[in-house]
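Visitor: Quick one: this structure, given as C-alpha cells, is what I'll be asking you about.
No value in this document is a laboratory result; all are computed from the given coordinates. Predicted, not measured: the structure shown is a model, and the values here were computed from it. Cβ coordinates were reconstructed from backbone atoms using ideal geometry, including for glycine residues, and neighbour counts include every protein chain displayed.
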Amino acid sequence: MTVDKKTEAEIRRLFFGEHWKKGTIATQLGVHGDVVARVVGPHGPEPQGREPRPCVLDPYRGFVLDTLERYPTLVATRLYDMISERGYTGSLPTLRRFVLDSRPARPREVYLRLETLAGEQSQIDWAHVGRIRVHGGVRPLYCFVLLLHYSRAMWAELVLEQTTVSLLRSLVRAAQYFGGVTHEWLFDNPKSIVAAREGSAIRFQDELVEVASRLHVALRACRVRTPTDKGGVERAIRFLKTRFFPARVIPSLESGNAALWQFLETVAMQRQHPTQKDRTVAEVFAEEEARLLPLPDAAIPTDLVTSVPSDKTAFISFDGNRYSVKSDAADRVLRLVASDTEVRLLDGDRDVGTHARSWGKNHTLELPEHRAALLAHKSRARDSKGRDRLRAEIPRIDDLLRLWLEDGRYVGSLVGRTCKLLDLYGREVLTAAVEELLAKGSHDYGALAILCEKRRTRPRRVLPLDLAPHVVDRDVIPHDLGGYDDDGE
C-alpha cells in the first residue's frame with residue numbers, strides 16, 4: 001500500500017515528534033501497520049557486527065548439511081532423530097529453523113513441448129466423473145478417453161470399471177470410431193495395463209499385448225508419477241470435466257454415452273486446434289485419418305473368458321452376483337464369456353445359460369425355464385425358489401416375509417400365492433403394492449391382493465360412446481329434482 005507525501009510526513013511527525021506508537025498512528029490515520037513501519041524506517045544506530053553466539057546445534061551443522069545434500073526432501077523430524085542418536089540435546093524448533101534456511105532449493109523442471117507426426121501416437125487415460133445408480137446399488141462412474149495427439153480428436157465413453165477387459169473394449173470401439181489406429185498407444189501405469197515394471201523394463205498385460213499385436217500397435221507407458229508425459233489426454237479430460245460434465249445429470253449409462261458422443265461430434269470436433277490456430281480439430285483429423293493404420297477384417301474378441309464352477313443349486317457366482325444355469329450343468333466347471341451387457345455360460349460348446357449382465361451386487365438372476373425345470377424334479381424346492389424369485393423382483397419382499405414369520409403364518413403357502421400375484425399383475429404393480437402395504441403398517445395377504453387389483457384398474461379410462469345415427473339431439477336437459485323431497489310426493 002502506498003500513501004502520499006503529506007501522509008508520510010504526518011506519520012513521521014506523530015512518531016518522532018509526538019512519540020505516538022505505531023499502532024496508534026495506523027488506527028488514527030486509517031493506514032496499514034506495515035505502511036507506518038515502512039515510513040518510520042529503522043531508527044537508531046545500525047547494529048555493529050559481532051560474533052555469533054554459540055549454539056548447541058553447531059557441532060551437528062556439517063552432518064545436517066551433508067545429509068540434506070544427499071536427501072534434499074528429508075523431513076526435519078527424521079534429521080532430529082538422527083542427530084539425537086549422536087548426542088544432540090537441543091530442541092526440534094532450533095533444528096527446523098536451520099533446515100528451513102539450509103535445505104537445497106528444488107530444481108525447477110523445464111518442459112519441452114513435443115508435437116507428434118500425424119497418425120503417430122494416441123494417449124489413453126481414465127477419469128473418475130462421479131457415481132451412478134444401477135439396479136441394486138451405486139457404482140463409480142469413469143470416463144475412458146483416447147486422444148489422437150496430432151489432431152486432438154478424441155473418443156470417450158462412460159464405463160463402470162477400470163479393468164483390462166473394459167480397456168480392450170474401449171480401445172476397439174475407439175479404433176472403429178476413427179476407422180483406424182495410430183502407430184503407438186501411450187498409457188499410464190495402472191495394474192490393469194502394466195503387469196510389472198522395473199525401471200524402464202515394462203511388462204504389459206497379456207490380453208493388451210494380444211490386441212495390440214492384432215492391430216499392429218506399439219505399447220508405451222509414461223514414466224512413473226509423471227502425468228506430463230501424456231499432457232494431451234490430461235487436457236482433454238480437463239476439457240470434458242469443464243464443458244460436458246458440470247451441471248449434467250446422467251440417469252443411465254446409455255443416455256450418458258449418447259449425450260457424450262453427440263458432444264464429441266458437435267463441440268469437441270469443432271473446437272480450435274491448439275497449435276494450428278486457423279483450423280478446427282475436425283479439419284486436422286481429416287488430414288490425420290489417412291495416416292492411421294487400417295483395421296483387420298476379422299473381429300477382435302474383447303469379452304472376458306474364464307472358468308467358473310457351478311454349485312449344487314445350479315448357480316455360478318460372478319462379479320458379486322449369482323446366475324442360474326441348466327439343472328444338468330450343476331456341480332461342474334463351466335466356461336464364462338462376459339461382455340459389458342451379457343453373461344453367457346457354456347458347458348463345452350453347449351449354452352447352459354445366457355443372462356443380461358447385472359452391474360449391481362448380491363443379485364440372483366434366474367431364467368424362468370431354469371426354475372421350471374428344477375421345480376419339475378424338486379417339488380419341495382418351490383418355497384425356496386419362490387423366495388429367490390421374489391427377492392430378485394421385489395425390493396422390499398424380505399420385510400414382508402419377516403412380518404409373516406413373526407406373525408406365525410405359513411410362509412411357504414404365502415410365498416407361492418405371492419408368486420401368483422407376480423405372474424398375474426407383473427413386477428411394477430406388485431412392487432408398488434408391497435411398498436404401500438408396508439407403509440400402512442400391514443402385512444395381510446388379502447390386503448396385498450386388493451392393492452394389486454386397485455393398481456391394475458387405476459386409472460380408469462372413459463370409453464367413447466358411439467351413438468346410433470338416428471339419434472339427433474345428444475344434449476340431455478335435466479329437470480328440477482327439488483320437489484322429490486316435498487311431503488306427500
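Visitor: Apply the Kirkwood formula to the stretch 282-404: the hydrodynamic radius equals the inverse of the mean of 1/r over all pairs of different alpha-carbon atoms; give it in Å with one decimal.
Guide: On the way: mean 1/r = 0.0588 Å⁻¹.
Value: 17.0 Å, from the Cα pair sum.
Visitor: If you don't mind, there's one more thing I want to ask. If the convex hull of the alpha-carbon atoms of the stretch 304-366 is projected onto planes in all directions, what is the mean projected area in square nanometres?
Guide: Taking a quarter of the hull surface, the average projection is 3.6 nm².
Visitor: I need to check one value: relative contact order of the stretch 121-291, counting alpha carbon pairs closer than 8 Å and at least 6 residues apart, in percent. Present the calculation step by step, with values, prior to reporting the outcome.
Guide: Working: 253 pairs, mean separation 43.8, N = 171.
Averaging sequence separation for qualifying contacts and normalising by length gives 26 percent for the stretch 121-291.
Visitor: A further question on this structure: From the C-alpha coordinates alone, can you work out the Kirkwood hydrodynamic radius of the stretch 222-295, in Å? Could the numbers behind the result be given before it?
Guide: Details: mean 1/r = 0.0687 Å⁻¹.
For the stretch 222-295, the Kirkwood estimate is 14.6 Å.
Visitor: Something else: Rounded to the nearest 20 Debye, what is the dipole magnitude of the chain about its Cα centre when Lys and Arg each give +1 and Asp and Glu each give -1 at the C-beta? Before the final figure, lay out the partial values.
Guide: Values: 73 positive and 68 negative charges, 422 e Å.
For this selection, approximately 2020 debye.
Visitor: Can you find, among P301, V281, A329, the residue sitting farthest towards the positive end of the charge dipole of the stretch 275-329, where Lys and Arg contribute +1 and Asp and Glu -1 at Cβ?
Guide: A329
Visitor: Could you point to the residue in S151, A196, G130 farthest towards the positive end of the stretch 121-291's charge dipole, with +1 and -1 charges on the Cβ of Lys/Arg and Asp/Glu respectively?
Guide: Working it through, the farthest residue towards the positive pole turns out to be G130.
Visitor: Tell me, R456, R169 in order of fewest to most beta-carbon neighbours within 10 Å?
Guide: Working: R456 12, R169 21.
By the 10 Å Cβ count, ascending, the order reads R456, R169.
Visitor: Let me ask something else. Could you tell me which of rounded, prolate or oblate describes the stretch 121-291, using a ≥ b ≥ c as the square roots of the eigenvalues of the alpha-carbon gyration tensor, with rounded for a/c under 1.5 and, failing that, prolate when a/b is larger than b/c and oblate otherwise? Don't skip to the end; give the middle numbers.
Guide: Details: a/c = 1.61, a/b = 1.06, b/c = 1.52.
It is oblate, given that a/c is not under 1.5 and a/b is not larger than b/c.
Visitor: Would you mind giving the three semi-axes, in whole Å and largest first, of the ellipsoid equivalent to the stretch 264-338 according to its Cα gyration tensor?
Guide: Values: eigenvalues 511, 50, 13 Å².
Computed over the stretch 264-338, the values are 51, 16, 8 Å.
Visitor: Could you tell me how many degrees, from 0 to 90 and to the nearest 10, lie between the Cα long axis of helix 397-406 and the main elongation axis, the longest principal axis, of the Cα atoms of the chain?
Guide: Once rounded, the angle reads 70 degrees.
Visitor: Pairing the Cα long axis of helix 206-215 with the longest principal axis of the chain, what angle in degrees results, from 0 to 90 and rounded to the nearest 10?
Guide: 90 degrees
Visitor: With θ set to phi - 60°, apply the Karplus curve 6.51 cos²θ - 1.76 cosθ + 1.60 along the stretch 162-169 and write out the HN-Hα couplings as whole Hz, x wherever there is a Gly or Pro.
Guide: So the Karplus estimates, Gly and Pro as x, are 10, 8, 4, 5, 4, 4, 5, 4 Hz.
Visitor: Same structure again: Go through the stretch 186-191 residue by residue and turn each phi into a ³J(HN,Hα) via Karplus (6.51, -1.76, 1.60, θ = phi - 60°); whole Hz please, and just put x for glycine and proline.
Guide: Rounded to whole hertz, the list is 10, 10, 7, 10, x, 5.
Visitor: Residue farthest toward the positive end of the dipole of the chain, with Cβ of Lys/Arg at +1 and Asp/Glu at -1: which of V75, L367, I316?
Guide: Of V75, L367, I316, it is V75.
Visitor: Counting each DSSP H run of 4 or more residues in the chain as -39500 (n - 2.57), what helix-only mean residue ellipticity at 222 nm follows after dividing by all residues, to the nearest 500 deg cm²/dmol?
Guide: Details: 17 runs with 184 residues, N = 489.
Helices in the chain give a 222 nm mean residue ellipticity of -11500 deg cm²/dmol.
Visitor: Only four residue types carry charge here, +1 at the Cβ of Lys and Arg and -1 at the Cβ of Asp and Glu. Report the dipole size of the stretch 58-102 about the Cα centre in Debye, rounded to the nearest 20. All intermediate terms of the calculation are to be shown ahead of the outcome.
Guide: Details: 6 positive and 6 negative charges, 18 e Å.
With Lys and Arg at +1 and Asp and Glu at -1, about 80 debye.
Visitor: With no solvent and one point per C-alpha, what does the Debye sum give as log10 I(q)/I(0) for the stretch 58-102 at q = 0.15, 0.18, 0.23, 0.30 Å⁻¹?
Guide: -0.29, -0.43, -0.73, -1.33
Visitor: OK, next. With 10 angstrom as the radius, rank V39, V305, V181 by how many other C-beta atoms surround their C-beta, starting from the fewest. Present the calculation step by step, with values, prior to reporting the outcome.
Guide: Working: V39 18, V305 13, V181 24.
Least to most surrounded, the residues fall as V305, V39, V181.
Visitor: Turning to a different aspect of this structure: Rounded to the nearest 20 Debye, what is the dipole magnitude of the stretch 220-335 about its Cα centre when Lys and Arg each give +1 and Asp and Glu each give -1 at the C-beta? Walk me through the numbers on the way to the answer.
Guide: Working: 18 positive and 15 negative charges, 128 e Å.
Roughly 620 debye for the stretch 220-335.
Visitor: ³J(HN,Hα) across the stretch 336-344 via Karplus (A = 6.51, B = -1.76, C = 1.60, θ = phi - 60°), whole Hz, x for Gly/Pro?
Guide: For the stretch 336-344, the Karplus-derived couplings read 9, 10, 10, 9, 7, 10, 9, 10, 10 Hz, x marking Gly and Pro.
Visitor: Which semi-axis lengths, in whole Å and largest first, follow from the square roots of five times the eigenvalues of the Cα gyration tensor of the stretch 136-202? Walk me through the intermediate numbers first.
Guide: Numbers: eigenvalues 88, 81, 19 Å².
Working through the eigenvalues yields semi-axes of 21, 20, 10 Å.
Visitor: How fast does the chain diffuse by Stokes-Einstein, in µm²/s, taking the Kirkwood radius from C-alpha pairs at 25 °C and 0.890 mPa s? Before the final figure, lay out the partial values.
Guide: Details: Rh = 31.7 Å.
In µm²/s, the coefficient is 77.
Visitor: Additional query: Neighbouring Cβ atoms within 10 Å as the yardstick, rank R152, R344 fewest first. Write down the numbers at each step before the final one.
Guide: Details: R152 25, R344 19.
Starting with the residue having the fewest Cβ neighbours, the order is R344, R152.
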